[in-house]
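Data first, discussion second: the structure below is written as structure tokens.
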Amino acid sequence: MRRSLTSQGMNTERTLMASTGTCGSESPQQVMESIVNLFAQHGDSNYGKEAVTQREHALQAAHFARSFNAPESVVVAALLHDVGHLLHDLPEDAPDHGVDDMHETLAFQWMEPRFIEAVTQPACLHVQAKRYLAAAEPGYFAQLSAPSVQSLALQGGPMSAEEVTEFEKHPFFKEATLLRRCDEAAKVPKLQVAPLAEYLPAIERCLKPQAC
């Protein structure tokens, strides 16, 4: 069972940053400006206990997705898969207190009104993809970093055999597991990769038509 804020008796109010807003009357340009602002304001925070920042992790994930010749939608999903970490006000040591920030849920709530399903589904399944790979792929668990092992325990641990079977039926199963591999790779200190601005055209192409 996932241990959340409520189960730990901590502050259950997740304050979403003002820049998230609701899609409503946003134009594509405003959505992109919101993304740029989120990374400008919060991208320099640590990516948990890893040796990279939130911005570095996101850009590296997108970099590896491109290097794997992933579809453009998966590249954008890789870039934004952890946007939920930029949308809450929990302390960076929340996992040490047994708290699962449910960042993939926050990400889905922000992304779903704005992006096509080929972006939102792989992005928001990346936690489940970790649980899947930890159960189904020999050696995967052993190569996880210590912070990733800690978060896996909070997220429900490796999937059961039944969960594995069901996850493999998901229409975005392959994209989600590919994104997860990019996620795990994206923890390299000082790796030189393309800046956020290079991905803005792809982000715009992956927005829902007339959604904003």
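The values are calculated or read from the model by the stated rules, or taken from the named source; none is laboratory data. Computed from a predicted structure; not experimentally measured. Note: areas computed on protein heavy atoms with side chains; ligands, DNA, RNA excluded. Shrake-Rupley method; radii C 1.70, N 1.55, O 1.52, S 1.80 Å.
The table for this structure:
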{"item": "Ratio of the Cα radius of gyration of region 105-193 to 2.2 N^0.38 Å, where N counts its residues", "result": "1.12"}
{"item": "Accessible solvent surface per residue of region 127-212, calculated while the other protein chains remain in place, 1.4 angstrom probe, Å²", "result": "51"}
{"item": "Long-range amide H partners of residue 115 with built H, under 5 Å", "result": "208"}
{"item": "Under 17 Å, Cα to Cα: Lys pairs in region 29-188, sequence gap 8 or more or different chains", "result": "4"}
{"item": "Derived scalar couplings ³J(HN,Hα) [region 133-144; Karplus, 6.51 cos²θ - 1.76 cosθ + 1.60; whole Hz; x for Gly, Pro]", "result": "4, 5, 8, 9, 10, x, x, 5, 4, 5, 9, 5"}
{"item": "Residue-span extension gain [residue 160 to residue 33] - 0.36 nm each, minus C-alpha spacing", "result": "41.6 nm"}
